1. Just name the residue that is nearest to the chain's Cα centre (by Cα) out of those in the range A:99-115 that are within 17 Å of A:His356 (Cα to Cα) and surrounded by 21 or more Cβ atoms within 10 Å (Cβ to Cβ).
2. If you check B:Arg61 against the conditions, is it at pLDDT 95 or above, more than 24 Å from the chain's Cα centre (by Cα) and either in the same structural domain as B:Tyr326 (by the TED database) or not in a loop (DSSP other than H, G, I, E, B) (or both)?
3. Among the candidates B:Arg143, B:Arg128, single out the residue that is in contact with a Gly (Cβ under 6 Å, 6 or more places away or on another chain), surrounded by fewer than 23 Cβ atoms within 10 Å (Cβ to Cβ) and within 30 Å of B:Ala82 (Cβ to Cβ).
4. With the checklist (1) free of Cβ contacts under 8 Å to residues at least 40 places away in the same chain; (2) over 15 Å from the mean Cα position of the chain (by Cα) in hand, flag the one item C:His76 doesn't pass.
5. Do we find a residue being part of a helix (DSSP H, G or I), in contact with a strand residue (DSSP E or B) (Cβ under 8 Å, 6 or more places away or on another chain) and modelled with pLDDT of 95 or more anywhere in the range D:49-57?
6. Determine which single condition A:Ile194 fails, assuming it passes every other condition in (1) buried (at least 24 other Cβ atoms within 10 Å of the Cβ); (2) in contact with a Lys or Arg (Cβ under 7 Å, 6 or more places away or on another chain); (3) assigned to a strand (DSSP E or B); (4) among the aliphatic types (A, V, I, L, M).
7. Given the structure, is C:Arg244 out of contact with any Pro (no Cβ under 8 Å at 6 or more places or on another chain), closer than 24 Å to C:Gln149 by Cα and within 14 Å of chain B (Cβ to nearest Cβ)?
8. Just name the residue that is farthest from A:Arg303 (Cα to Cα) out of those in the range D:246-278 that are within 16 Å of the chain's Cα centre (by Cα) and part of a strand (DSSP E or B).
Protein chains: 4
Amino acid sequence: MIGHGFMGAAHSQGWRVAPRFFDLPLQPEMAVLVGRTGADASARKWGWAESATDWRAVIDRDDIDVVDIVTPGDTHREIAIAALAAGKHVLCEKPLANTVAEAEEMDAAATAAAERGIRSMVGFTYRRVPATTFARDLVASGRLGQVRQVRAEYLQDWLIDPEAPLTWRLKKDLAGSGALGDIGAHAIDLTEYITGQQVTSVSGIIETLVAERPLLGEGVGLSGTASSERGAVTVDDVALFTGRLSGGALASFEASRFRTGRKNALRIEISGSKGALAFDLERLNELEFYDATLPETQLGFQRILVTEHDHPYLAPWWPTGHMLGYEHGFSHQVGDFVTAIHAGAQPRPSFADGLHVQRVLDAVERSSAAGSTWIDTSA
Amino acid sequence: MIGHGFMGAAHSQGWRVAPRFFDLPLQPEMAVLVGRTGADASARKWGWAESATDWRAVIDRDDIDVVDIVTPGDTHREIAIAALAAGKHVLCEKPLANTVAEAEEMDAAATAAAERGIRSMVGFTYRRVPATTFARDLVASGRLGQVRQVRAEYLQDWLIDPEAPLTWRLKKDLAGSGALGDIGAHAIDLTEYITGQQVTSVSGIIETLVAERPLLGEGVGLSGTASSERGAVTVDDVALFTGRLSGGALASFEASRFRTGRKNALRIEISGSKGALAFDLERLNELEFYDATLPETQLGFQRILVTEHDHPYLAPWWPTGHMLGYEHGFSHQVGDFVTAIHAGAQPRPSFADGLHVQRVLDAVERSSAAGSTWIDTSA
Amino acid sequence: MIGHGFMGAAHSQGWRVAPRFFDLPLQPEMAVLVGRTGADASARKWGWAESATDWRAVIDRDDIDVVDIVTPGDTHREIAIAALAAGKHVLCEKPLANTVAEAEEMDAAATAAAERGIRSMVGFTYRRVPATTFARDLVASGRLGQVRQVRAEYLQDWLIDPEAPLTWRLKKDLAGSGALGDIGAHAIDLTEYITGQQVTSVSGIIETLVAERPLLGEGVGLSGTASSERGAVTVDDVALFTGRLSGGALASFEASRFRTGRKNALRIEISGSKGALAFDLERLNELEFYDATLPETQLGFQRILVTEHDHPYLAPWWPTGHMLGYEHGFSHQVGDFVTAIHAGAQPRPSFADGLHVQRVLDAVERSSAAGSTWIDTSA
Amino acid sequence: MIGHGFMGAAHSQGWRVAPRFFDLPLQPEMAVLVGRTGADASARKWGWAESATDWRAVIDRDDIDVVDIVTPGDTHREIAIAALAAGKHVLCEKPLANTVAEAEEMDAAATAAAERGIRSMVGFTYRRVPATTFARDLVASGRLGQVRQVRAEYLQDWLIDPEAPLTWRLKKDLAGSGALGDIGAHAIDLTEYITGQQVTSVSGIIETLVAERPLLGEGVGLSGTASSERGAVTVDDVALFTGRLSGGALASFEASRFRTGRKNALRIEISGSKGALAFDLERLNELEFYDATLPETQLGFQRILVTEHDHPYLAPWWPTGHMLGYEHGFSHQVGDFVTAIHAGAQPRPSFADGLHVQRVLDAVERSSAAGSTWIDTSA
């Protein structure tokens, strides 16, 4: 595994826990954790056998079969392409890359590697929350009829204080994107995953609601103290966009860091001719389902607790009514990835899926720059 | 109508509005409002043609067909029996009476009057919230299978401040009962109505949680100022009891004025072998229904908005999704009462139903006094 | 009152009930109901003293002080201008008119009439739900700090069946507009009312999701039987748009008749630098409030039951925790209108407010026609 | 660790994960898993270094410091006492024992061992859900004022089908108790933990709602096929009881396996003179808090997402708004236990706490047998 920030902890938990609950066809070993500084302590903490500072050297090792990339987005392209070239299966955290051009290179490399039996996958773990996987199953089985509308939003509020400092996440050269790429990407991927349709064109706006913030003084990161000087916020605080889906539905999206009181509200509602679904990541064990074919007096959204033995991913976990949490998706991701490697199958979301999300993000930025006119995502 | 407190306003609204929405077989006229003091102003305010101070004189008038009693409970017996004797149809606000003995007399009078075609009914209006009526229909149609358990509670919190003054409602000689009779009666009636079963025995406790409160000084009622002296609270603040139902189910009841944050939470949940129902008066347009016969992955409580044309009482009101409020039950009550009078049918809840609730309340008090031993409600 | 459809029933209930609960400075009399056909029966049913077929004749009567217009939108201009010219105070149901041009004429007439002491008001009653009025108060008092984002949506689902027939509401020549004008207008007005800001520009799309529907055969209205022939739906099924508000906030709007399972979900969420609010008309007695100034561990949306004596409009109604319904807004509207007339004050929403909503609707249509480019609402 | 059923998986996850997130003063090693049959496979699956079949031999090993007991309740006494005698720290899954007499022996052994620095703890993990720990903090800090009432319930529904087979859990000689001991114990412990008060006396009833069920034919456990013969259910399906708390509050309890639609609803609501709290295990990341000291118009239950850095146990986990699940409590349990061992402090809940719960359970059974009369829990 390359990288050891917050995502490193989550991925480590996935590698550690998945084999204890799922019967995997291959037993992963947590071999080497790579980081420029401090990887040694993280490796001990998280249970990796070794640590290293040079990812190139690790990629060349014969005893390494899988490379898990959890570094910042601007490094994904180089590492992933090198790892694939070295014949390693690659799990790459989202976003696939910071630009469409990078993502295209990576997709090409993945396609070429696949011909040699090398697998690659992007880390959109919210596909692997049992409730979202079950949502996809319900749509696929026709329970919603024809999907007409989608509302997908990812709402947070950690920037509502205008005195919150100007961290690296608010600078475009470092972060690449703001709310749009960070959390909007999840809303797009989840929409495409659950509906089985692609966003083909978009019209939207991205906006920076607080244009200047205090520069960080002493200290680093979020814990640094604010200085009295101010600097420009160069990423978006909020993205609002509409998309047409390949199956004919209209989708409305929002990604925001200014929706006061919403902490991690990745929410999606899908409206079809025979039914509807609603999901909220803040209540991730629940799925609301509406069956429009019931008699009029018995219509209503139903709160399904997605904790039954027969729900996706649930069988090896706990009895009915015992909740899963955020990090379980990472165990499911490891399980699916390892299973696909063993089966010689293409795991999803593929780099092509990740590239498509990148194209949608890029189209939103271009639409915003062009007065919200419609932009084709295949362009 | 005799009496003009809070219930007078609600009943007046029922008489005023019902004929404007329902096609009633008889057109009620709001003839006389009776009250010892101030009835004149209330009559003008609420739209009664006349006011009077002597209910006996009004009862003797030939142009009066119906007597609606909304006075305090200790006067119900005398007025109702006189009205029935005078050949008037009687609608009596709950509780039917303050004691079982009074209620028995009234029931006897009602039975005798019925033979002469005179109708009588008790004002448990929460039976006429569309959601509770629909709940009864679902149970009756077998959608819940065999009812196993009931949880019924009526929760308020207006006494949590120990410095709240000692009003008449907290004195047994004036109020008759505390939480038990005032709101527990509704929980009992609603349980019997929806399940179609009777409470046959009870074990419980009633308790006064704050034994002394400031006496009222200057002023009257709730707006009076508290004096520095204290007096004893002589009614119950909370009642907790368990009941056996005639169909074999176990029911658990609570009535409380100390459930902090609950304003008017008459809630009932009914658990059956094939399904369940949950209702909360604080969301009176909704009914939660659980169909246990669905496939395991699709189980879940369903929030039915009880506002469809085909739901009980809904047809003459507004389009789907337009909410009803508290007082609509009083229009439904008027509609049902007038319809029953015209049809020569016995309206429900009858005085016999009201008597039975009184017996349950009495049994709870006796059980509490006897160390929570079980008391038969037919005794 | 001129007109006697669904809105006629609601307005009648307002005129009937308001004086029974509120101490109005003037006592309204329900004088004449005007309708081309059937007004006689409606007048009897709803309690109007007379009925008439010619609104012009009624407007000329000296004993008429107020004209309440509840006819279809295409007739508003002519009636309202005539009534104002005749010196009658005018309450006009929303939308003010079917076009901006008509609304401008009406606004000019209202302004001229106001100089003669004649009052006029538009019937956006959702401003008078206690929870929305209280929401406005909270924003105005600064509890939300600076408003950054608004999400306003009005969701219904009565068109999800593609075989639902082609009624007059789906034909532009008769209905003027689809979801946008019918329900989107409420979302716009509520946003402007609660935030105290105006929508200054918009970008959006309106779309017809089911382009053809069965023609109505025998019978009329919604109850008509479908024929085997099909005709074109010429109004929008859904409108998605973004607006800039005069105070700097971004607002995202949706009006839809295809949001499966949502019956009457007028929902608004307002995100500010110090707090947030969320309201849903399907739970109209509740307001969710988030106070961002609380300590971190105590943050959370709070479900306020807007039924306290000190909440707007609540004092004359029922005790705490007793719910109001849809039609109470019409009583509040009558109360406010009558009070303003007596006080010689301009009631809100004025015709100017109604005109502004019309301009926003028009700008959305033009933006949609122009590829979702931004349109100034003052243009 | 001795035992390897469902609780074995959960405890293993706790031992595995706790050191990866919390900075523990001692590093636990997962040494030996003991089981009569199949421990070998479980040990491999869950990551224990060795397996064994004879717990006595393991307890005697010098390299073992801690014994974690997750066997059925009837074996707890013998193993725990032996382990304590051998100088091992003991974590014993709830219930502490199947009878008060056994629990008393264990408490005596734990008290004696404590004098030698040997620690013991009972596994009521629901105390270690961040929301319940935070609830305790709020009560302890006085935010609720004087606690007046508690409602605690643990509701499941896996027995509603009368044809569900007669498994060992429904036989008193094997299971010891039914709903009362299995889940009611949690409701009691959580009440005592959050309020800081003890249940001093109880009145209640336990009941078997379905008296006979099909015997298991071929196969074992829940997956066995039902035979055509029937046998008697000898444990309770439901327990309903009222308790007096040492601080003067009244508590109402329910434990049921017949509350249709409720899967794992351990719910508690605490009503105080200044505030209230409500928790539901089915939404374990949330705590509802009501502050009764706010102005009247701003009162309401607040949904606190207990996922902030400063909430109990949260700091080493994920960012705000990322959910924890059922098994996190087991990591917290391991962390607290190891920390207490290192600090030489008595961990809670102690065996004395476990004994007290056992006394309450016993008193409920005796009250039920004695016609629901009140029984002192200290007797």
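The values are calculated or read from the model by the stated rules, or taken from the named source; none is laboratory data. Bear in mind that the values here come from a model prediction, so they are computed numbers and not experimental data. Here Cβ is always computed from backbone atoms with ideal geometry, including for glycine, and neighbour counts include all displayed protein chains.
1. Going through the range A:99-115, the residues within 17 Å of A:His356 (Cα to Cα) turn out to be A:99-111.
So of that shortlist, the ones also surrounded by 21 or more Cβ atoms within 10 Å (Cβ to Cβ) come out as A:102-103, A:106-107, A:109-110.
Values: A:Glu102: 18, A:Ala103: 15, A:Met106: 17, A:Asp107: 17, A:Ala109: 21, A:Ala110: 19 Å.
Residue satisfying both the conditions and the ranking: A:Ala103.
2. Numbers: at pLDDT 95 or above: yes; more than 24 Å from the chain's Cα centre (by Cα): yes; either in the same structural domain as B:Tyr326 (by the TED database) or not in a loop (DSSP other than H, G, I, E, B) (or both): no.
Criteria not met by B:Arg61.
3. Working: B:Arg143 fails: within 30 Å of B:Ala82 (Cβ to Cβ).
Checking each option against the conditions leaves just B:Arg128.
4. Failed condition: (2).
5. Pass one, the range D:49-57, residues part of a helix (DSSP H, G or I): D:55-57.
Next, only the ones that are in contact with a strand residue (DSSP E or B) (Cβ under 8 Å, 6 or more places away or on another chain) stay: D:55.
Narrowing further to those that are modelled with pLDDT of 95 or more: D:55.
For the range D:49-57, residues part of a helix (DSSP H, G or I), in contact with a strand residue (DSSP E or B) (Cβ under 8 Å, 6 or more places away or on another chain) and modelled with pLDDT of 95 or more: present.
6. (3)
7. no
8. Filtering the range D:246-278 for residues within 16 Å of the chain's Cα centre (by Cα) gives D:253-256, D:264-268.
Now drop any that are not part of a strand (DSSP E or B), which leaves D:253-256, D:265-268.
On the way: D:Phe253: 25, D:Glu254: 23, D:Ala255: 23, D:Ser256: 21, D:Ala265: 14, D:Leu266: 17, D:Arg267: 17, D:Ile268: 21 Å.
For the range D:246-278, the residue satisfying everything is D:Phe253.
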